[in-house]
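Any read-out appearing in this document is the output of simple, stated calculations on the displayed coordinates, not a laboratory observation. Fair warning: this is a prediction, and the values are worked out from it, not measured in the lab. Note that we place each Cβ from the backbone using ideal geometry, even for glycine, and neighbour counts take in every protein chain shown.
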Protein chains: 2
Amino acid sequence: MARRTPTIPEATVARLPIYRRALVELDESSAINVSSERLAEMSGVNAAKVRKDLSYLGSYGTRGVGYDVDYLLFQVSRALGLNNDWPVAIVGSGNLGQALANYRGFTQRGFPVAALIDVDDKKVGATVHGIEVHHVDRLEDLVAELGIAIGIIATPAGAAQAVADRLVEAGIQSVLNFAPVVISVPDGVPLRQVDLATELQILSFYQQRNAASDR
Amino acid sequence: MARRTPTIPEATVARLPIYRRALVELDESSAINVSSERLAEMSGVNAAKVRKDLSYLGSYGTRGVGYDVDYLLFQVSRALGLNNDWPVAIVGSGNLGQALANYRGFTQRGFPVAALIDVDDKKVGATVHGIEVHHVDRLEDLVAELGIAIGIIATPAGAAQAVADRLVEAGIQSVLNFAPVVISVPDGVPLRQVDLATELQILSFYQQRNAASDR
DNA sequence: AGGAGGTTGTGTACAAGTTCACAAAGGTGG
DNA sequence: CCACCTTTGTGAACTTGTACACAACCTCCT
């Protein structure tokens with residue numbers, strides 16, 4: 001039974017990491033407290049939204065003063081489940097996979113890259129930025145042995161669904177898909193899809209519209 | 001003056017690239033037409049939503065039959081402004097910048113990487129996957145000379161805002177930011193922010209909640 | 001002790017997005 | 001040419017998300 005968490009809206013969950021980033025920055029600059037106004041400015045949103053979002057986590061501010069940076073950072077981190085590390089495995093050691101493996105932001109924020117996995121025998125056994133590349137045949141073993149929580153799919157589109165199926169079967173907890181195809185996983189397995197080219201196409205739409213209205 | 005485009009909702013715009021991807025796949029498998037149901041399945045959404053989304057572009061379906069794949073693909077591409085190529089410049093040739101430079105999905109979908117830009121003299125002059133690395137001092141010249149439409153920021157967080165300012169000043173049309181910081185650009189300049197670690201944190205939230213309710 | 005100034009937390013109105021459900025319309029076969 | 005089947009396009013109900021505005025409350029100063 002869920003004790004707290006009286007259902008936090010999806011839109012709010014998606015913003016929590018942004019607030020967290022701002023809080024880390026404030027913490028590093030030795031700020032003691034912060035107002036919703038300032039936090040809103042740093043996060044690029046409206047101050048009322050910040051207050052409403054944070055109120056879903058609990059009542060952690062002080063009227064007339066603001067929020068204690070340290071304490072709020074702790075609470076946001078806890079809400080996001082970042083108390084302990086979540087080891088990730090990256091499937092697909094092409095360019096994107098290797099870049100992701102080397103991205104310090106992951107380890108820094110509690111997502112150590114525990115394994116790189118590929119089908120290509122020529123890549124297996126190599127070490128990319130200190131992470132060994134394993135053969136996809138060992139996927140299930142690796143998930144179990146290394147306690148992998150999250151699978152990151154960085155394969156070509158054609159292989160993505162099969163990889164997702166194997167990850168889920170192996171007991172992975174959630175999936176982040178970079179392959180440019182929609183994949184499906186069972187209900188209850190959190191899934192996020194990121195397509196870099198999609199973002200450019202969205203920009204293309206708006207800039208084209210700007211050009212049209214200037215004409 | 002805008003002739004068509006009776007304002008397409010943001011949520012719809014964000015889905016058009018997904019539909020387009022599905023249509024490309026259908027086209028490659030020589031499908032002639034497709035129902036909203038099938039398209040919905042391939043895109044991971046509800047069929048009614050597909051129909052409503054497509055109806056914002058115009059009335060391109062045939063009742064009782066579905067949509068002509070070729071024609072719909074053309075219309076969606078046109079709505080997204082993908083009739084002509086939009087050259088992009090990637091600022092920051094670290095791991096992410098290099099991976100993006102080598103990502104075939106960009107060029108394939110009409111976003112050729114025309115330049116890589118860095119501050120580090122040691123990197124300038126090198127060629128990464130056939131793309132020359134230029135010094136950031138030449139940013140303004142490059143935007144003008146190469147007709148750069150979109151600037152991709154793949155720098156450390158600290159440099160992102162300054163780079164964005166220079167890109168906008170140089171006349172860029174839109175900005176895609178991968179640096180883990182919120183940046184701001186003038187109204188009218190489309191901006192999208194992608195933070196890879198944010199996605200993992202969102203997953204962390206939901207998988208933690210699952211674990212809590214299983215307890 | 002009391003008032004002034006400031007900031008949170010939230011009820012409420014509003015806007016955006018989603019889903020349902022069905023009339024309208026094209027195609028097909030007798 | 002008409003009945004039947006299929007699938008679109010869309011009005012309308014509903015759900016989710018955003019913004020406003022202000023009471024509640026804290027701190028500090030006199």
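For the peptide A:37-45, the mean number of other protein chain Cβ atoms found within 10 angstrom of a residue's Cβ is 1. Each of A:Asn46 and B:Ala11 was given a label point 7 Å from its Cα along the Cα-to-Cβ line. The distance between the two points is 1.7 nm. Residue ranges B:157-164, B:187-194 sort as B:157-164, B:187-194 when ordered by packing (mean number of other C-beta atoms within 10 Å per residue, highest first). Take every Cα pair under 8 Å whose residues are at least 6 apart in sequence, average their separation, divide by the length of chain A, and the relative contact order is 13 percent.
Dividing the mean sequence gap of close Cα pairs (under 8 Å, 6+ apart) by how many residues the stretch A:10-79 holds gives a relative contact order of 39 percent. Modelled label positions at A:Ser55 and B:Asp85, each set 7 Å beyond Cα in the direction of Cβ, lie 5.3 nm from each other. Straight-line reach from B:Lys49: which aspartates and glutamates have a Cα under 16 Å away, not including same-chain ones fewer than 8 places off? Excluding near neighbours in sequence, the set is B:Glu10, B:Glu37, B:Glu41.
Ordered by the count of other Cβ atoms within 10 Å of each Cβ, fewest first, B:Ser43, A:Ser59 give A:Ser59, B:Ser43.
The order of A:Ser36, A:Ser30, going from fewest to most other C-beta atoms within 10 Å of their C-beta, is A:Ser30, A:Ser36. Cα centroids of the stretch A:143-204 and the stretch B:143-183: 29 Å apart. The order of B:Ile150, A:Ile131, B:Ile90, going from fewest to most other C-beta atoms within 10 Å of their C-beta, is A:Ile131, B:Ile150, B:Ile90. Per-residue ellipticity at 222 nm from helix content only, as computed over the protein assembly as shown with -39500 (n - 2.57) for each DSSP H run of at least four residues, stands at -14500 deg cm²/dmol. Extending 7 Å from Cα along the Cβ direction at B:Arg78 and again at B:Asp137 yields two label points whose distance is 4.7 nm. If only the Cβ of Lys and Arg carry +1 and only the Cβ of Asp and Glu carry -1, the dipole of the protein assembly as shown around its Cα centre is close to 1400 debye. How far, in nm to one decimal, is A:Gly44 from itself in the other copies if the label point is set 7 angstrom along Cα toward Cβ? Shortest first, please. For A:Gly44, the inter-copy label distances come out at 2.2 nm.
Inter-copy label distances at A:Ala11, using a point 7 Å along Cα-to-Cβ, come to 1.0 nm with the shortest given first. Nearest-to-axis residue in chain A, judged by Cβ distance to the rotation axis that brings A onto B and given in whole Å, is A:Ala99, 2. Sorted from nearest, the other copies put their B:Asn33 label points 6.6 nm away, the label point being 7 Å from Cα in the direction of Cβ. Given R0 = 51 Å, the distance between the Cβ atoms of B:Ala31 and B:Thr127 translates into a calculated FRET efficiency of 0.80.
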